[in-house]
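These notes concern the structure reproduced below.
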Amino acid sequence: MLSTRHFISLKNTPKEDLMLLIETGFSFREVLDRPIKKVPTLSGKNILNLFFENSTRTRMSFELAEKRLSADVSNFSASSSSLNKGETFRDTVQNIQAMKVDCIVMRHPSPGSSLQITKFVDSIVINAGDGCHEHPTQAMLDVMSLYERFKTFKDLKVAIIGDILHSRVALSNIYALTTLGVEVTLCGPPHLIPVGIEELGVHINYNIDEVLDWADAVNILRIQRERMGIGLIPSIREYREIFGVTKQRVENLKKELVIMHPGPINRGVELDGNVADSENSIILDQVLNGVAMRMSILYHLLSEGDAIK
Amino acid sequence: MIKGDKILKGKWLLTGGKIYDPFKEKYLKGNILIDNGKFERLTTNKSPGGDINTLDCSNKFITHPFIDLHAHFREPGRENKETLESGCLSALYGGYTTVCLMPNTNPPIDTPELIKFIMDKTSDYPISVLPIGAITNAQSGKELTEIGLMVKEGAVAISDDGIPVEDSRIMRYALEYSKMFGIPVINHAEDVFLRSGATMHESVESTKLGLLGSPHITESIMVSRDLMINEYVNSKIHVPHVSSKESVEIIRRYKKSHNTVSAEVTPHHIYFNDSSLSSFNSNLKVAPPIRSEEHRKSLISGLKDGTIDCIATDHATHNIEEKENNFVHASCGMIGLETAFSGSYTTLNREKFSIEKIISLFTSGPCRVMNIQKEFLTKGNSAEIVVIDLEKEWRVSKDDFKSKSSNSGFIDESLNSRVIYTISGKDCFINDTK
C-alpha cells in the first residue's frame, strides 16, 4: 500500500513507497515482455488523460500503461477544450468529474494545478507534469532505470545537467534521489539553477568536465527553447561548448558513464547523437520503464485486488 | 445607507474597560457618556441618573477607531467585488472609521470630478472616506494629473497604486509639484523588469513550488531610487507595503536625516512568511509578495524602532473565480480590513510590543503620515470609539466577512483579540462574538 491517495509530488514520499513502486515496476516489465502484454487488473476503471499542454511521449506512455492494465481510457487535450471559451479551470474539471471518472492523469502548465484539482474532484489524481514544478512519474521511471542498471542506490552519484530552473523533471528527481540516498550534483548556467536549491541537499558545480568525472550517471535535460525568455542562453554553440555532453568529453573520461535523458533530445546541443546512441546510454530503457512504472503507479493507486495475473 | 447593528439614541454609558487616548498617549478614567451620538463626558458614576442605557465594556480595551491608509474599494467599475458601501462596512466591522482609497478603479480616480464622486457618494456614511488620486492620467506613468484640483476636491495623497512610476523624470516631477500641496506621493516600489513573470518571493520556497520568484531587490532598488529623488527635490514620500529587509534598512537610513519619508507595512507581511504558500494558497498571492522569515523579522524590527510608521491593510478584493484560478493566473491581493487588527496584534503581542505601541500603528501613526487631525473624546464631537476584547481568541471563517469578497489569507487562522464594537456617532457596529 502506498502512503498517499494521489500521486502529486515526491517531496515527502517515503523511501518505502519509492521502493515498492520500483519493485512492482519490474513485475510489470515482465508483463511487457510477454506476447500478450495485457492484464485485467484495472478492468472497469475509467481513466482520463487530461492534458492542458502538449505532450507526446508522456501521454502515450500513460495511455499504453492504462490500456495494458485493461482500464477504459479517455483523452482530453486543451486545444479542443472549452478553455478557449472562457470556462474556468474549476468548471472544466468538475464537468469531467460529473462524468464519473476514477482517475485523472493531468498535465498542466501551472505549478500546483494537480494539487488544486484534488480539492475540486473525488477522483484519484496523478500529476503528469505541473509547469516547472514536478513530474513525479518521470522521476520514478528514472530511478527505476538507475536501479535496473546499478542494482543498488548505495554510494551512487548522479548529476542533473541543464536548465534546472525551467525543469519539472529536476525537482522530482532531486526529491526521489535524495530520499533514496543518492548523491546529486546539479550543473548548468548559474541563472538557470534556482535560488536556494542547495538547501534540498544537492551540490552545484558549473564545470561540466568535473561533473562528468564525478558522476556514475548523468541525467541530461533538454534545452527548452520554447520556455526561455529572450537572452537566457546566448547561443546554441556557446551552450554546447560549455555544457554539452559531447563525444569528446565522454571519450576523455577514464570510466563508464551512464547517460540518461527524459527526451526529446536536441541532438548536437545538450547531447551528442553518438553519445545518446552509445552502449552506456539507457535512454530507451527509460522509455520502456516509463510504461512499466506508470502501470505500477496506476496499479497501486487504483487496484482493489492485489494480484498481477 | 449604512446603519449600525444598534442605534445609540439618547444617552448611552459605556461602563468598565480601559480607556486609552492614542493621540495624547494617556489612559483616561471613568465611564464614557454619549448623548445622541455625541461625546458628553467621562463619569465615575456607573448610573448617573435619568434615562440612560448602558453598554457593558468591562475588561475591554477602549480607544480611538483606526485609520487605514491603503484600501481598494472597487467602485466605480468592479462593483461585484466591492462597492464603496460594502468596503466601508468591512472597515467599520474591522474597527476603522477612516479609510484612504487607492485610485485603481475603472476608470481610475485621476480627475477632480472622480474625487468629488467619491466624496459625495460617501458624505453621509458613518466613516470618513479619503480618496487618493492618481499620479498620472489613467495610471499610465506619462502625464501628471490635475493634482491641485484633486486636492481641492479632497484628495489626501497621490499614487498610481499597483503600477510603479517607472520613469524617474515623471517621479521627480510628481514629487516636486506635489510639494506645494503638502501631500505625500505613494509609489508602488517594484522594478517591473526584475519582477517579470514572478508570482511569489524568490527563495528556496519558490524553488520548491516551481514558481518563478521575485527577488527582494525588486523592491529595494525602487525604494532607493524614490528616496534619492525625494531627497533631491525635498518633497514628501510615503512607501507603501514595505516587504523586504533592504527596503527597511534604506528607509531607516533616510529617516535619520529626513522627516519627509514615511512607510507602512501590511498585517499579512508581518504575519506570514513564504513557507505559508507551500500548498499554493492563492489567497496569499499578493504584490509585493510575502517574503521569507528574515524579511518578516526585519519588518517587525522596522515597526519597533519607528522606521515603519504604521500598519495599512492593502485591502484588495477579488471574486472567487479570480482566486480559484491556478496560482500563476490568480489575481494578486487579499482583503484585510476585518482581520488587520487581530492579525497584527497576534504577531506583535508575541514580539512583546506594548498595546499602546500597537494601537499607535493603527491611529496616531497613519494620522501623522497623511496629516489627518484627530482627537479622542472631545465634548460635543461625534463619538468615535472602538472597543476591543484583547483576550478573545477566534478562528477566521470565510463566512465572517462583511466585505463582498472573502479572499483572505487569514481564513482558518486562529487570531488573538477582536474588535467588538465600533461606534461612529449613533451607529454601533457589533461583531458577533459567540
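What residue among B:177, B:126, B:23 has its Cα farthest toward the positive end of the dipole of chain B, where the charges are +1 on Lys, Arg and -1 on Asp, Glu, each on the Cβ? After comparing all options, I get B:23. Considering only B:368, B:195, B:74, the Gaussian network model of chain B with Cα springs below 10 Å gives its largest mean-square fluctuation to B:368. When B:191, B:160, B:389 are sorted by how many other C-beta atoms sit within 10 angstrom of their C-beta, beginning with the fewest, the order is B:191, B:389, B:160.
The GNM of chain B, with springs linking C-alpha atoms under 10 angstrom apart, assigns the highest mean-square fluctuation among B:424, B:301, B:257 to B:257. Restricting the calculation to Cα atoms, the range A:48-157 yields a radius of gyration followed by a Dmax of 15.7, 53 Å. When the pairs B:38/B:379; B:60/B:392; B:29/B:60; B:116/B:426; B:323/B:392 are compared against a 18 Å limit on Cα-Cα distance, B:116/B:426; B:323/B:392 fall above it. Check the straight Cα-Cα distances from residue B:152 and name the aspartates and glutamates below 15 Å, setting aside those fewer than 8 residues away within the same chain. Within the straight-line limit of under 15 Å, residue B:152 reaches these aspartates and glutamates: B:110, B:113, B:120.
Can you tell me the equivalent ellipsoid semi-axes for chain A? Use √(5λ) from the Cα gyration tensor, largest first, whole Å.
Each semi-axis is the square root of five times an eigenvalue, giving 32, 23, 17 Å.
If one takes the longest principal axis of the Cα atoms in chain A, at what angle in degrees, from 0 to 90 and to the nearest 10, does the Cα axis of helix A:136-150 lie? Between the helix axis and the principal axis of chain A, the angle is about 60 degrees.
If neighbour count is taken as other Cβ atoms inside 10 Å, put B:320, B:135 in order from fewest to most.
Result, fewest neighbours first: B:320, B:135.
Can you give me the P(r) profile for the range B:170-275? Cα pairs, bins 5 angstrom wide beginning at 0, each as a whole percent. The calculated distribution, bin by bin, is 2, 12, 21, 21, 18, 11, 8, 4, 2, 0. Here residue B:255 is the anchor, and the aspartates and glutamates within straight C-alpha reach of less than 13 Å, apart from those fewer than 8 places off in the same chain, are B:231, B:305, B:309. Expressed per residue, the C-alpha convex hull volume of the range B:79-190 stands at 103 Å³. Using every pair of separate Cα atoms, the Kirkwood estimate puts the hydrodynamic radius of chain B at 21.8 angstrom. I want to verify a result. In a Gaussian network model of chain A, Cα cutoff 10 Å, which of these has the top mean-square fluctuation: A:276, A:78, A:170? Among A:276, A:78, A:170, the largest GNM mean-square fluctuation belongs to A:78. The lysines within cross-link reach of residue B:256, meaning a Cα-to-Cα straight distance under 30 Å and a gap of 8 or more places when in the same chain, are B:24, B:26, B:179, B:236, B:245, B:297, B:304, B:352, B:357, B:374. Applying D = kT/(6 pi eta Rh) to the range B:301-373, where Rh is the Kirkwood radius over alpha-carbon pairs, T corresponds to 4 °C and eta to 1.567 mPa s, the Stokes-Einstein value obtained is 93 µm²/s. With a Cα cut-off of under 27 Å and a minimum spacing of 8 residues unless on different chains, the lysine pairs in the range A:59-211 number 4. Only DSSP H runs of four or more residues enter the estimate; each adds -39500 (n - 2.57), and after division by the residues of the protein assembly as shown the mean residue ellipticity at 222 nm equals -9500 deg cm²/dmol.
For the range A:106-162, the relative contact order is 27 percent, taking Cα pairs closer than 8 Å that sit 6 or more residues apart in sequence and dividing their mean separation by the residue count. Dividing the Cα radius of gyration of the range B:1-110 by its Kirkwood radius returns 1.09 for Rg/Rh.
When the Cα gyration tensor is reduced to axis lengths a ≥ b ≥ c, the ratio a/c is 1.5 or higher for the protein assembly as shown, and with a/b above b/c it is classed as prolate. For chain B, the relative contact order is 20 percent, taking Cα pairs closer than 8 Å that sit 6 or more residues apart in sequence and dividing their mean separation by the residue count. For chain A, the longest principal axis of the Cα atoms and the long axis of helix A:15-32 meet at an angle of about 80 degrees. Remark: C-alpha extents of the range B:142-182 on the principal axes read 27, 20, 15 Å, sorted largest to smallest. Mean sequence separation of contacting Cα pairs (under 8 Å, at least six apart), scaled by the length of chain A, corresponds to a relative contact order of 21 percent. In this simple spin-label model, placing a label point 7 Å from the Cα along the Cα-to-Cβ direction at both residue B:27 and residue A:19 gives a separation of 6.4 nm.
Each reported figure results from applying straightforward, stated rules to the coordinates on display, with no laboratory input. In this text the structure is predicted, and so the values were computed from the model without any measurement. With ideal geometry, Cβ positions are generated from the backbone for all residues, glycine too; neighbour counts draw on all protein chains shown.
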